[in-house]
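Each value in this text was obtained by applying a stated rule to the coordinates, not by laboratory testing. Remember, it's a predicted structure, so these values are computed and weren't measured experimentally. Here the Cβ is made from the backbone with ideal geometry for all residues, glycine too, and neighbour counts use every protein chain on show.
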Amino acid sequence: MHLIEFPREVLLGENLKSEVKNVARRLNLGERVLVLYGPKTKEIAGKEVELDLKDAFDVHSLTVWGPYMKEVEKVEKKILDLAIEWVVAVGGGSIIDVAKLASFRANVPFVSFPTTASHDGIASANASIKDLGAKTSVKARPPIAVIADVRVIKTAPHRYLAAGVGDVISNITAVRDWKLAHKIKGEYFSEYAAALSLMSAKMVMKNADVIRLGNEDAVRKVVKALISSGVAMSIAGSSRPASGAEHLFSHALDMLASKPALHGEQTGVGTIIMAYLHGINWRKIREALKRVGAPTNAYELGIDPEIIVEALTIAHTIRPERYTILGRDGLTKEAARRAAEITGVI
């Protein structure tokens, strides 16, 4: 059986902080709600969402300090101890991922209220938690609703929006890897999921000059693409349509670099290299990333070139069950350096 779950409502517009309660009523989510936010996102939108909900619901709140299992367990305990009926996560990827996994473990729905548009986790079923050892993400459940306030998202530094573009553009090589795994390993492949994923990538590349402006229209285009990526993953039943070797490279950088860049920034740079390995037009991908203001090399990522090379050589070990262009044996140091130099990453 192949179960496909989608968000039941997606709201995209301006001044939506007061819409959370209306969504909750329409979806009959219950009276006891837990509002999650980070220390910064509490001030950006979390406090307002919390105050607005207090008119109609029994509201509790909790600050999340990062994408770690201890935070997931802390939230899960709060949900169970207080008999919470639903959760709303107001924040970036870390807060949303913690809410996603904790609510899944506690078997309650959650609403995603993103304050940045930096990666496709805002609408997907996968949660990225940092201290899971070899595992890079955990399958959970998509949000029951996504409420994306473009005015809130627009206030975030532009690098977050550019990182969102990097995460969507990475769909190009992710789908290539998925097709390769289907051809060589007989892995399940969904043409519908792949087509939706690629369409999202093509749309952000086509609108790179608009997105660079960072206005409300730019935010709308990136958020729609990120949500489409999340839906593609739901159709596929895995992260395959949006996660390939470029994501393994990013996870390797997270392990090796003392100060990693944003997830979408790293996957964008990874996409340039993996596109070269696949023999597709990596220059066009690099140009689109440049146009939106995303990093395209080690210097712009703030990561030592030697770490880039090392990450390329160990990326294939991150998820050995996931076949990609890196193969089972990965790249030699010489091949990794050559690919990074040819593409201008180092």
If one takes the longest principal axis of the Cα atoms in the chain, at what angle in degrees, from 0 to 90 and to the nearest 10, does the Cα axis of helix 263-278 lie? 30 degrees
Dipole magnitude (debye, nearest 20) for segment 59-109, charges at Cβ of Lys, Arg, Asp, Glu: 60 debye
Helix-only [θ] at 222 nm, the chain, -39500 (n - 2.57) per DSSP H run of 4+, per residue, nearest 500, equals -15500 deg cm²/dmol
For the chain, the longest principal axis of the Cα atoms and the Cα long axis of helix 333-342 enclose an angle in degrees, to the nearest 10, of 80 degrees
Build a GNM of the chain with springs between Cα atoms under 10 Å: which of D177, D304, D81 gets the top mean-square fluctuation? D81
Under a Gaussian network model of the chain whose springs join Cα atoms within less than 10 Å, the largest fluctuation of I95, I235, I280 belongs to I280
If neighbour count is taken as other Cβ atoms inside 10 Å, put V35, V10 in order from fewest to most. V10, V35
Rounded tilt (10° steps) of 282-292 against the dominant C-alpha axis of the chain: 40 degrees
Net charge near T343, counting Lys/Arg +1 and Asp/Glu -1 over other residues with Cβ under 10 Å of its Cβ? +2
What dipole magnitude, in Debye to the nearest 20, does the chain give about its Cα centre under +1 on Lys/Arg Cβ and -1 on Asp/Glu Cβ? 540 debye
Cα gyration tensor of segment 301-346, axes a ≥ b ≥ c as square roots of the eigenvalues: rounded (a/c below 1.5), prolate (a/b > b/c) or oblate? prolate
Take S239, S190, S94, S258 and order them by how many other Cβ atoms sit within 10 Å, fewest up front. S258, S190, S94, S239
Checked segment 1-149 with the C-alpha gyration tensor, a ≥ b ≥ c its square-rooted eigenvalues, rounded below a/c of 1.5, otherwise prolate if a/b is larger than b/c and oblate if not; verdict rounded
Cα gyration tensor category, rounded, prolate or oblate, for segment 159-342 with a/c compared to 1.5: oblate
Identify the trypsin sites (Lys or Arg not before Pro) of segment 26-133 meeting these criteria: DSSP loop state and at most 15 other C-beta atoms within 10 Å of the C-beta. K54, K130
Once you've got the GNM for the chain with C-alpha springs shorter than 10 Å, pick whichever of H316, H182, H263 has the biggest mean-square fluctuation. H182
